[in-house]
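Chemist: Below: one structure in structure tokens.
The values are calculated or read from the model by the stated rules, or taken from the named source; none is laboratory data. Predicted, not measured: the structure shown is a model, and the values here were computed from it. Don't worry about glycine lacking a Cβ; one is built from the backbone with ideal geometry, like all the others, and counts go over all protein chains shown.
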């Protein structure tokens, strides 16, 4: 059973705990994010902010972008906990004009043939301050791209398999 807790450091951020991301089977309950889980993500700790030179063929890895993390993994963890949400805003702002993407640790065998345990999200920041889910899944839907790049999310993140498929920072670093 997944329990939702409010962590003092991240007041108002829902966090899932309960099963190992490597767990699969009848006793594992995956975390499934909904729009409420992304609410207020701009107030989460900003873990990384980049403004690197633009690379025309790779808009999601160049130019201004900010990355937010809803919960840090425990010290010494070898994978991110189920319920981890990482959100990346791409663009100079305002938020409604940025491309916003996320990866969510569903766990329980989800996306076993790709970035094991992770689900990909395309988000829209709305003018009323809410966040909507455009699409989510193990791969973008047909015809969709990752911030203009037709490369699969799983293909790029496979390069970081030893870091639980997260490219932004080392898992064993301090947060």
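Chemist: Could you tell me how many of the residues in the range 113-143 are part of a loop (DSSP other than H, G, I, E, B), closer than 24 Å to residue 39 by Cα and either touching a residue at least 12 places away in the same chain (Cβ under 8 Å) or touching a strand residue (DSSP E or B) at 6+ places or on another chain (Cβ under 9 Å) (or both)? Don't jump to the end; show me each part of the working.
Modeler: Restricting attention to the range 113-143, the residues satisfying the condition of being part of a loop (DSSP other than H, G, I, E, B) are 113-117, 126-130, 138-143.
Next cut, closer than 24 Å to residue 39 by Cα only: 117, 126-130, 138-141.
Still in the list and also either touching a residue at least 12 places away in the same chain (Cβ under 8 Å) or touching a strand residue (DSSP E or B) at 6+ places or on another chain (Cβ under 9 Å) (or both): 117, 126-127, 130, 138-141.
Within the range 113-143, residues that are part of a loop (DSSP other than H, G, I, E, B), closer than 24 Å to residue 39 by Cα and either touching a residue at least 12 places away in the same chain (Cβ under 8 Å) or touching a strand residue (DSSP E or B) at 6+ places or on another chain (Cβ under 9 Å) (or both) number 8.
Chemist: Mind counting the residues in the range 81-112 that are in contact with a helix residue (DSSP H, G or I) (Cβ under 9 Å, 6 or more places away or on another chain) and not in a strand (DSSP E or B)? Break it down into steps so the answer makes sense when it comes.
Modeler: Going residue by residue through the range 81-112, those that are in contact with a helix residue (DSSP H, G or I) (Cβ under 9 Å, 6 or more places away or on another chain) are 83, 85, 87-91, 95, 99-104, 111.
From what is left, the residues that are not in a strand (DSSP E or B) are 83, 91, 95, 111.
Within the range 81-112, residues that are in contact with a helix residue (DSSP H, G or I) (Cβ under 9 Å, 6 or more places away or on another chain) and not in a strand (DSSP E or B) number 4.
Chemist: Quick check on this structure: which one of 82, 13 is buried (at least 17 other Cβ atoms within 10 Å of the Cβ) and at pLDDT below 60?
Modeler: 13
Chemist: Out of the residues in the range 145-157 that are farther than 13 Å from residue 99 by Cα and in a loop (DSSP other than H, G, I, E, B), state the one that is modelled with the lowest pLDDT. Quick ask: steps written out before the conclusion?
Modeler: In the first step, residues of the range 145-157 are kept if they are farther than 13 Å from residue 99 by Cα; the result is 150-157.
Next cut, in a loop (DSSP other than H, G, I, E, B) only: 150-152.
On the way: 150: 65, 151: 70, 152: 80.
Out of the qualifying residues, it is 150.
Chemist: Looking only at the range 36-78, which residues are assigned to a helix (DSSP H, G or I) and modelled with pLDDT under 75?
Modeler: 59, 60, 61
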